[in-house]
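Engineer: I have a structure I would like to understand better, so I am pasting it below and will then ask my questions one at a time.
The values are calculated or read from the model by the stated rules, or taken from the named source; none is laboratory data. Remember, it's a predicted structure, so these values are computed and weren't measured experimentally. Virtual Cβ from ideal backbone geometry, glycine too; neighbours counted across all protein chains shown. Only protein heavy atoms, including side chains, enter the accessible area calculation; ligands, DNA and RNA are left aside. Shrake-Rupley method; radii C 1.70, N 1.55, O 1.52, S 1.80 Å.
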Amino acid sequence: MGDEVERKDAPEPEDERPLPEEQPVGEPPRQRSGILGALRGLVLPLLALFTALVVGAFIIILTDFELMGLWASDPVAALAASWSSVTATYGALLRGSIGDPGALIGAIVTLDGDAFRRAFIPLSETIISATPLVFTGLSVALAFRVGLFNIGAEGQLYLGGLLAVIVGFSLTGLPFFIHLPLALAAGFAGGALWGFIPGLLKARTGAHEVIVTIMLNFVAYNLINWALKTPLVQREGRSDPISKIIEPSAALVPIFEGLRAHWGIVIALLAAVAVWWLLFRSTKGFEFRAVGFNPRAARYAGMSIAWSTVMSMVIAGGLAGLAGTAVILSGSGTLSPGFSPGFGFDGIVVALVGNTRPLGVVAAAFLFGALRAGATPMQSATGTPLDLVVVIQALVILFVAAPALVRAIYRIRAERVTGSEVFAKGWGS
Amino acid sequence: MKLELRGITKRFPGVVANRDVDLVVQPGEIHGLLGENGAGKTTLMNILYGLYQPDEGEILIDDAPVSFDGPGDAIDAGIGMVHQHFMLVPVFTVTENVMLGVEETSGPLGALDRDAARRRIVEISERHGLRIDPDAVVEDLPVGVRQRVEIVKTLYRQSNVLVLDEPSAVLTPQETEELFGIMRSLVEGGTSIVFITHKLNEVLEIADRITVLHHGQVAGTTTPDATTREDLAAMMVGRQVDLVVDKDPATPGDPVLEVRDLVVRDERGHTSVNGLSLTVRAGEILAIAGVQGNGQSELVEAIAGLRDIERGEILIDGHAYGTDPRAIYAAGVAHVPEDRMEEGLVGDFTVADNLILTSYWHPPYSKGMQLDGDAIVASANDLVEQFDVRTPSIFNPVSNLSGGNQQKVIAAREFSRPLRLIIAAQPTRGLDVGSIEYIHGRIVEKRDEGTAVLIVATEIEEVLALGDRIAVMFQGRIVDTLDPSEATSERLGLLMGGAHPEDVDVEEAELAPARTVTDG
Amino acid sequence: MTAATASMTRADRRLRTRQRVLGLIYLGLAVVMVIGFGVSVGGGVDSTFTLTPGNAPVTVPDLVVPSAGTAYLLATVVAFAGAIQLTRGFGARWALILGLVAFAFVFAFLTWVASAQSMNLTGLLQTTVQRAVPIAFGALSGILCERAGVVNIAIEGMLLSGAFVSAVVASATDNPWLGVGAAILMGGILAALLAVLAIRYRVDQIIAGFFINILVTGLTAFLSVRILQPYQQELNVPPRLGQIHIPLLSDIPVLGPILFQHNIFVYTLFALIIVIHLGLFYTRWGLRVRAVGEHPKAADTVGIDVYFVRYRNVILGGMVAGLGGAYFTIGSTGGFEREMTAGRGYIGLAAMIFGGWNPIGGFLAGLVFGFADAIQSRLSILSIAIPSEFLLMVPYLVTIIVVAGLVGRARAPAADGKPYVKE
């Protein structure tokens, strides 16, 4: 008799209908609504970021003990000091991630090579930090689309890095156009293997992917620590866990001389395009999304839920593996246990903030890449610990995951939220 | 305890579930509440149990108005309810389930006194002949026993009014007889019982008084002595304006769908289709009438390749396809599933995407792994116009459409292929009259083009309006197959309620002069 | 009736497959024991287990066994169990046999480790208990939340917050008890946040827990640089809670040092395990909690306030985790260091699952994981060729095996992680 409640005959008023939630297949280039839709999609994440920055500002002020005394004696001065402390911190963060606007303009105007390089160092660092985040963000987003929560990007990234570094240093004498793709493929395969396990267990036994991927993260971490002490991987003459250095032919080299930003970002952007195609332009992606939104309808349409589960986890794992690969094959070209400062977990933030769309993921990855890149200069310039950035990230997740909170703060009329409870399910299912 | 519901009205968005319902349950009587699925019985009882708040009207106990904010209040007032879906914690023992919420405890820390509870349970079960093992774990018990546990649960709370919601739906005839014995014993002890059902025989057998609900309103109140099954069936089904479907007589051709001795199990492993056979020919509509839960859903799923077959066979144009839905779609089968939003559509997908849900993997919608956006859009625009789907654009999420338009999307998708067979489960459930007529028209149109059609419906009007032949399904079997000219609402109602065809024939011998028995 | 028998046979078949797999695993283990722990050592070598810790008043003679002989004997037992398991199975006692086999394997492993040298078995087990403490606190926290149907993966964050707050408050007030109180309070506050997000806002519970973990990681790291480093002496040198030797009990040979020579955290843990176990299974509170976690609607229809039960339990769970967090600082090392919980909260989650959402089971699982941890920390001292990383993986691998149901399935509360929507 439940159908009594579900009757929904009265057509809804026109203005209640939100814009298309997702770029549909074959949408004609209708600029206006596309941009409007994109802008609308940006409102909430941006408000979330803004709110997080405001809360971060309070944390900066409240943890400043010198200010504490001042509040009691001279509140006005304390207010001014607080303001300058916050602006100095965020200013340093901004300069560290984007750069000095004057220098940037000057560099472009003068086209002086040296000034150019100096001015673009912050942006280059942002790109470096964003590169692995694009991969892990895509990884988590892809799995989300199939209704799976991939907390295992961190472990997949480790496995990818391990296989990539092994291929990177053990094959010698290959031209870069063979060696580099091989190393990338190995990195993808390593992550894919680490995604395959939870995918298969989920499809075959129903084991919850969240538990399995959390556990596999730790297994991967220990596996790396072990591997880095074996003669195969460990660098000769070292007793600490560090790998051999990859051959130059497997390296992701800088795009511009003198800047560290490397070709990994190009591969990351290509991966974003590939994921976009897979999800929104391919038959398999159609299945992935159908399974993620409504498994029963997917079954009705003759799709295999098990296949989609395994396949999506394999690809998600591979993407996360590429994140590790991009880090390993650039820069120093070695693997050591702490090479990821949590890129895999940041990938969850990136995917959520990017609303699990590839374009959104890229934007969010650059945003959080900028935060990460700016954090170190911020700490050295103002003494504000760089972990502030982690706090801001956490708050962004909170406000993105609980849009009702942001709406309550800014008194925004509620929209229909779709897909927000896709992942709300128990361990057993 | 006398219970009275006065002028109860309950509205849900888009539908009035109860309209001005009056119901009086005298102390010590069994009051049968009769109605079809969707007539508003369960809603009414949920109001009585404090789960819903009525929009209008009031509840009186011993002539004093009461108001229930939650089940706790109703329980305190002496009302006990046995829900259609049992509210038992599967991993708990019988004792734990019964005492939950009114635990017997000892000591200041609330230590459970299971022995005291067990003693009371044993005492209650002996007094009323409810055989249960207080230490058994509920998930190990068969449904009949679980129901007894539910009844003990209400008695343990010293309920004076017991509401049984479709209690016989899950029981075998023997278990039902046993339940009736228990009910009689309870009434002798002074308990009042509200017995919700759609089965005419049962209500005539056990009830002292009968209230019939139809479309959320009271269609009449009577006693078993003052009425007949036929009158009750008529009241239950209602004598509203018949739906008229404009159609010519069918011209059946060769058999398209043949089902032989089919046995299918449901999710829980119970046999729900039990040795069923039927044939649907090209150019005819076979309508299956039956109360929900008699195996129709499982039958449809089996034909559509979504459910394993335990025994028997399903042939489509002579081929068995097993559980390969895509091969079945490719063989020219359209499937309109029972639950639009749960199964037939991906709510978050656009109209365009939903229109290719059962065809996206082959040309023209895709080439290799690449979806062909242009072809999809062109076809979607075409279908939206052709099937008159009212949507701002084909890129709107389908969940934003009204029920009628959602069903049109499914019809547009399923009926636009070259077809041999249509299987449609409850194709017009919850739709407005306009949409119903539209869907019916499309189905008849397909029939006239030579497609075989199998319709499953619970609404008798729909069965009568659409079917070229009408099969009645009861407990996993086709109990009778009728020609629409000889099938009346009353007669179908009786058969759907589990009456034997022979009995119906005897009673209706004068009414139905000619009758051809077809296969089934 | 036919339906019931059919499903029985399907379950039977699965059971039989599992039986065979287990049997083969046992036989494999026996082979490993013979070759790895017996043949590799050779005859004539003894393993010595010291049973007296350094400072014990009562000395117990060392246990000396022939290394290879013990391995062969235990391998025979395991092989025998495997053979029976393979042919006819052990029925309901399979778990007991599994435990026995595991014990035999571990003991054979230890004799191999201790071959031709001596190993302090009592010390090892004492360390095991110490390592198990935070894991068990985490498991108890998870049990309190998940038994009521709320998934808590924020245990890690709650432990870390407890560690931080207790260190700071205890240092500032020079009172360890206030530190403990503050840790409990902090855990409760975080749990209340989790509860509001999960119950009121119906945020996906995993995302909500994940948020708390990152927030706490970030905040504690931020604050330890910002506040603890400049004021190290004032804020990060907490008084510690020392060992309490329980009279009489601590004098029991072997068991005394293992169980009764610890600080108050360990005894509180023991008490909590018993209290929560009794509470869950023998009181009105527990019955209602479990009903809410299994079938919230059934609980609702008998007048139980589902939301209230969930809020209360999640907050209680957070308090337990906060208390467990204090163990890291004032219960053992003293000062706070960033990310000092190092994933113990996740192992606690694993212990909860491995222990079947049962306080005693969770503790035993915590002991197993603590043992793996304790033994890996000693391997380098004993110069054994097994990479410690593989022992560190044990908790995680065991958990994966358990959730996948490869060896007996742990059953989560049916409504675990599912928001309850009142009609």
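Engineer: Normalised by the residues of region C:105-264, what does the relative contact order come to in percent, with Cα pairs under 8 Å and at least six apart?
Structural biologist: On the way: 159 pairs, mean separation 39.5, N = 160.
Taking the mean separation of contacting Cα pairs over the length of region C:105-264, I get 25 percent.
Engineer: What nm value, rounded to one decimal, do you get for the distance between B:Leu109 and B:Asp73 when each label is placed 7 Å out toward the C-beta?
Structural biologist: Output for this residue pair reads 3.6 nm.
Engineer: Out of the trypsin sites (Lys or Arg not before Pro) in region B:68-175, which ones are loop residues according to DSSP with at most 11 other C-beta atoms within 10 Å?
Structural biologist: Qualifying residues, ordered by number: B:Arg131.
Engineer: Work out how much length A:Val273 to A:Thr87 would gain on full extension: take 0.36 nm times their residue separation and subtract the Cα-Cα distance, in nm to one decimal.
Structural biologist: Stretched out fully, the A:Val273 to A:Thr87 stretch lengthens by 63.3 nm.
Engineer: Here's something else I'd like to know. Can you give the calculated 222 nm mean residue ellipticity of chain C, where each DSSP H run of n ≥ 4 adds -39,500 (n - 2.57) and the sum is split over every residue, rounded to the nearest 500 deg cm²/dmol?
Structural biologist: That comes out to -21500 deg cm²/dmol.
Engineer: So, one more: Between region B:417-446 and region B:129-148, what is the C-alpha centre distance in whole Å?
Structural biologist: The distance from the Cα centre of region B:417-446 to that of region B:129-148 comes to 44 Å.
Engineer: For chain A, what are the DSSP H helices with axial Cα length of 27 Å or more and mean Kyte-Doolittle hydropathy of at least 0.5?
Structural biologist: TM-like helix candidates: A:31-62, A:75-97, A:113-145, A:176-205, A:305-329, A:358-382.
Engineer: Scan region A:138-246 for chymotrypsin sites (Phe, Trp or Tyr not before Pro) in coil per DSSP, keeping those whose Cβ has at most 10 other Cβ atoms within 10 Å, and list them by number.
Structural biologist: Working: sites: A:Phe144, A:Phe149, A:Tyr158, A:Phe169, A:Phe176, A:Phe177, A:Phe188, A:Trp194, A:Phe196, A:Phe218, A:Tyr221, A:Trp226; in loops: A:Phe149.
Answer in residue order: no site qualifies.
Engineer: So for the pair B:Arg131, A:Arg238, with labels modelled 7 Å out along Cα→Cβ, what separation do we get in nm?
Structural biologist: With each label point 7 Å from Cα toward Cβ, the separation is 7.6 nm.
Engineer: Taking a quarter of the surface of the convex hull around the Cα atoms of region C:14-116, what do you get in nm²?
Structural biologist: For the Cα atoms of region C:14-116, the hull's average projected area reads 7.6 nm².
Engineer: Applying 1/(1 + (r/R0)^6) with R0 = 60 Å to the Cβ-Cβ distance of B:Thr228 and C:Arg16, what FRET efficiency is obtained, to the nearest 0.05?
Structural biologist: Values: r = 57 Å, r/R0 = 0.95.
Once the sixth-power term is evaluated, E becomes 0.60.
Engineer: Tell me the carbon and sulfur percent of the accessible area for the protein assembly as shown, rounded to whole percent, probe radius 1.4 Å.
Structural biologist: Details: 32370 of 53230 Å².
Within the protein assembly as shown, the accessible surface is 61 percent carbon and sulfur.
Engineer: For chain A, what is the calculated [θ] at 222 nm in deg cm²/dmol (nearest 500), taking -39500 (n - 2.57) for each run of four or more DSSP H residues and dividing by its residue count? Provide the component values of the computation, followed by the final result.
Structural biologist: Details: 17 runs with 296 residues, N = 429.
It lands at -23000 deg cm²/dmol.
Engineer: Could you let me know the centre-to-centre spacing of region B:1-40 and region A:381-395, using Cα atoms, in angstrom?
Structural biologist: Value for the Cα centre distance between the two parts: 61 Å.
Engineer: Could you list log10 I(q)/I(0) for region A:110-164 at q = 0.24, 0.25, 0.30, 0.32 Å⁻¹, which the Debye formula gives when each Cα is one point scatterer?
Structural biologist: Normalising to I(0) and taking log10 leaves -0.93, -0.96, -1.10, -1.13.
Engineer: Under the definition of Cα pairs under 8 Å and six or more residues apart, what whole-number percent is the relative contact order of chain A?
Structural biologist: On the way: 705 pairs, mean separation 122.3, N = 429.
Over chain A, the number comes to 29 percent.
Engineer: What length, rounded to one decimal in nm, is gained on full extension from A:Leu359 through to A:Val43, with 0.36 nm per residue of separation minus their alpha-carbon distance?
Structural biologist: Length gained between A:Leu359 and A:Val43: 112.2 nm.
Engineer: Where only protein heavy atoms count, and the probe is 1.4 Å, what is the accessible area per residue for chain C in Å²?
Structural biologist: 39
Engineer: For a paramagnetic label modelled at 7 Å from the Cα of C:Asn175 toward its Cβ, which residues of region C:232-274 fall within the zone defined by backbone nitrogen distances under 20 Å?
Structural biologist: Label zone hits: C:234-242, C:264-265.
Engineer: Quick one: Kirkwood hydrodynamic radius for region A:38-421, alpha-carbon pairs, angstrom, one decimal?
Structural biologist: After inverting the mean inverse Cα-Cα distance, the result is 22.1 Å.
Engineer: Please grab the % of Cα pairs in the protein assembly as shown that end up more than 58 Å from each other.
Structural biologist: Value for the protein assembly as shown: 26 percent of Cα pairs lie more than 58 Å apart.
Engineer: In whole percent, what relative contact order does chain C give with Cα contacts below 8 Å and a gap of six or more residues?
Structural biologist: Reported relative contact order: 23 percent.
Engineer: Related question: Taking θ = phi - 60°, what integer Hz values does the Karplus form 6.51 cos²θ - 1.76 cosθ + 1.60 yield along region B:326-333, in sequence order, with x for Gly and Pro?
Structural biologist: Once rounded to whole Hz, the list reads 5, 5, 5, 4, 5, 6, x, 9.
Engineer: Rank these residues by their accessible area, most exposed first, probe 1.4 Å: B:Thr481, A:Thr205.
Structural biologist: Ranked list, largest accessible area first: A:Thr205, B:Thr481.
Engineer: Around A:Asn355, which amide H atoms from residues at least 5 apart in sequence, or from another chain, sit under 5 Å from its own amide H, with H modelled in the peptide plane?
Structural biologist: none
Engineer: Gaussian network model of chain C, Cα springs within a sub-10 Å range: biggest mean-square fluctuation belongs to which of C:Ile155, C:Ile386, C:Ile330?
Structural biologist: Highest fluctuation among the options: C:Ile386.
Engineer: So what is Rg over Rh here for region A:156-278, counting just Cα atoms and using Kirkwood for Rh?
Structural biologist: Result for region A:156-278 is an Rg/Rh of 1.03.
Engineer: Hey, could you pull the Cα Rg and Dmax for chain B, both in Å?
Structural biologist: Using the Cα atoms of chain B, the pair Rg, Dmax is 25.2, 79 Å.
Engineer: May I ask you to derive the FRET efficiency for A:Ala77 and B:Arg390 from their Cβ-Cβ distance with R0 = 41 Å, giving the value to the nearest 0.05?
Structural biologist: It comes out at approximately 0.05.
Engineer: Could I ask something else about it? Cα convex hull of region B:162-304: how many Å³ per residue?
Structural biologist: Here the figure is 162 Å³ per residue.
Engineer: How big, on average over all directions, is the shadow cast by the Cα convex hull of chain C, in nm²?
Structural biologist: Over all viewing directions, chain C projects a mean Cα-hull area of 23.8 nm².
Engineer: A follow-up question, please. Go ahead and run the numbers for FRET between A:Trp307 and B:Arg268, Cβ-Cβ distance against an R0 of 35 Å, rounding to 0.05.
Structural biologist: The computed FRET efficiency comes out at 0.85.
Engineer: Now, a different point. I'd like the accessible area for C:Met33, computed on protein heavy atoms only with a 1.4 Å probe and all protein chains in place. Round to 10 Å², please.
Structural biologist: For C:Met33, the solvent-accessible surface is approximately 0 Å².
Engineer: Select from A:Ala189, A:Ala306, A:Ala92 the residue whose mean-square fluctuation is largest in a Gaussian network model of chain A (Cα-Cα springs shorter than 10 Å).
Structural biologist: A:Ala306
Engineer: May I ask you to list, by number, the DSSP H helices of chain C whose Cα span along the axis is at least 20 Å and whose average Kyte-Doolittle hydropathy reaches -1.0 or more?
Structural biologist: Correct list, ordered by number: C:2-32, C:67-87, C:94-113, C:121-147, C:155-173, C:176-195, C:205-223, C:264-282, C:306-328, C:359-379, C:388-403.
Engineer: Also, quick follow-up: Return the value, in Å² to the nearest 100, of accessible area buried between chains A and B (probe 1.4 Å, both sides summed).
Structural biologist: Roughly 4500 Å².
Engineer: Right, another one. In deg cm²/dmol, rounded to 500, what helix-only [θ] at 222 nm does chain B give when every DSSP H run of at least 4 residues adds -39500 (n - 2.57) and the total is split over its residues?
Structural biologist: -9000 deg cm²/dmol
Engineer: If you take the Cα Rg of region B:34-142 and divide it by 2.2 N^0.38 Å, with N the number of residues, what do you get?
Structural biologist: Working: Rg = 16.9 Å, N = 109, 2.2 N^0.38 = 13.1 Å.
With N residues counted in region B:34-142, Rg over 2.2 N^0.38 Å equals 1.29.
Engineer: I'd like the distance separating the alpha-carbon centroids of region C:222-289 and region B:241-303, in whole Å.
Structural biologist: Their Cα centres are 66 Å away from one another.
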